[in-house]
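Computed from the coordinates by the stated procedures, all read-outs in this text should not be read as laboratory data. Bear in mind that the values here come from a model prediction, so they are computed numbers and not experimental data. Please note: Cβ atoms are built from the backbone with ideal geometry, for glycine as well, and neighbour counts cover all protein chains shown.
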There are 2 protein chains.
Amino acid sequence: MPITLPESARALIRSGALAHLVTLDPDGGPQVSTVWAGLDGDHIVTGHFGNYRKLRNLRRDPRIAISFAGAEPLPNGMHPNLVVYGTAEVTEGGAAELVGALARVYVAPDFEYQAPPGPPPGYVVRTTVERISGVGPWTAGS
Amino acid sequence: MPITLPESARALIRSGALAHLVTLDPDGGPQVSTVWAGLDGDHIVTGHFGNYRKLRNLRRDPRIAISFAGAEPLPNGMHPNLVVYGTAEVTEGGAAELVGALARVYVAPDFEYQAPPGPPPGYVVRTTVERISGVGPWTAGS
């Protein structure tokens, strides 16, 4: 069942925290890469210019995990961590617009991301969030 | 087959880059948490005070992925990323010593990590590296 992200989790995702995106390889093993991520309502969205392994994995098995770390450490020296679990849908197109918008969050408000020549339409991965875990205000009391 | 980590990858791990550690749940889905990680020869080692889900997962299926991001962005604004794939062995004991040593890397050279009361012997996860991927000098030319 989809869940609504707590505001603290939304704030972390919007802060430009790098997303460690996990998919499952054909043999069931984990596959990881880092990406920029944004919000579209309660969905997490990422943009991709190539038909990368993570996209091929998600079309076969839509289970996804996305892990973010907060920049400010907790009193014990460890960093807050938000892990989002859900299912992903891969659609064609929209990568340049999304990655361009995310570059203004992740790099600088006036950063002009140079999409690969072409540009190809690319792909958007849209994650429906079903569960969150980690250590931070988003899991307080859970 | 175990591989030898390139020196650039070793330097990133030693720099205090947070480790996003991925295991596989009983249903085959991904499970992620962030931890401090260090090197013991060519193995990656992490310390844990409780018999957490990730440890139970690794005893059942030793496949592991550990993802690190570099602090300094590349010219396109994205961050270097090292992903280590391998198999993990969980042994009992040694958590306090390892986590205490890692705290001096991850927090400050004089930081005294407060282990949970007890302290329990805890666990060490030792990862044998079989493959690396990502974007950075460790994958240049691959």
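I want to confirm something. Restricting to segment B:6-28 and keeping residues that are part of a loop (DSSP other than H, G, I, E, B) and in contact with a Phe, Trp or Tyr (Cβ under 8 Å, 6 or more places away or on another chain), which single residue is nearest to B:Arg131 (Cα to Cα)?
B:Pro6
For segment B:85-128, give me the residue count where each residue is of a type in the set (Val, Ile, Thr) and within 9 Å of chain A (Cβ to nearest Cβ).
Residues meeting the conditions: 1.
Mind checking whether some residue in segment B:120-127 is at positive phi, in a loop (DSSP other than H, G, I, E, B) and out of contact with any strand residue (DSSP E or B) (no Cβ under 9 Å at 6 or more places or on another chain)?
No, every residue in segment B:120-127 fails to be at positive phi, in a loop (DSSP other than H, G, I, E, B) and out of contact with any strand residue (DSSP E or B) (no Cβ under 9 Å at 6 or more places or on another chain).
Restricting to segment B:97-142, give me the number of residues that are within 20 Å of B:Pro80 (Cα to Cα), out of contact with any Gly (no Cβ under 6 Å at 6 or more places or on another chain), aliphatic (A, V, I, L, M) and surrounded by 18 or more Cβ atoms within 10 Å (Cβ to Cβ).
Summing the residues that are within 20 Å of B:Pro80 (Cα to Cα), out of contact with any Gly (no Cβ under 6 Å at 6 or more places or on another chain), aliphatic (A, V, I, L, M) and surrounded by 18 or more Cβ atoms within 10 Å (Cβ to Cβ) in segment B:97-142 gives 2.
Pull up segment A:38-68, narrow it to residues that are aromatic (Phe, Trp, Tyr) and under 24 Å from B:Ala19 (Cα atoms), then point me to the one that is surrounded by the most Cβ atoms within 10 Å (Cβ to Cβ).
Across segment A:38-68, the extreme among qualifying residues is A:Phe68.
Could you tell me whether any residue of segment B:70-91 is out of contact with any strand residue (DSSP E or B) (no Cβ under 8 Å at 6 or more places or on another chain), touching a residue at least 12 places away in the same chain (Cβ under 8 Å) and loosely packed, with under 15 Cβ neighbours inside 10 Å?
yes
Taking segment B:71-95 only, how many residues are hydrophobic (A, V, I, L, M, F, W, C), under 16 Å from the mean Cα position of the chain (by Cα) and more than 17 Å from B:Ala11 (Cβ to Cβ)?
Qualifying residue count, segment B:71-95: 3.
If you go through segment B:81-97 one residue at a time, do you hit one that is outside any strand (DSSP E or B) and either of a type in the set (A, V, I, L, M, F, W, C) or within 25 Å of A:Val99 (Cα to Cα) (or both)?
Yes - at least one qualifying residue is present in segment B:81-97.
Would you be able to tell me the number of residues in segment A:26-37 that are within 18 Å of B:His20 (Cα to Cα), at the interface with another protein chain (Cβ under 7 Å from one of its Cβ atoms) and among the small types (Gly, Ala, Ser)?
2
List the number of the failed condition for A:Ala108; all other conditions in (1) in a helix (DSSP H, G or I); (2) hydrophobic (A, V, I, L, M, F, W, C); (3) farther than 20 Å from B:His20 by Cβ hold.
(1)
Just for segment B:29-70: of the residues that are in a helix (DSSP H, G or I) and over 16 Å from the mean Cα position of the chain (by Cα), which one is farthest from B:Pro117 (Cα to Cα)?
Across segment B:29-70, the extreme among qualifying residues is B:Arg60.
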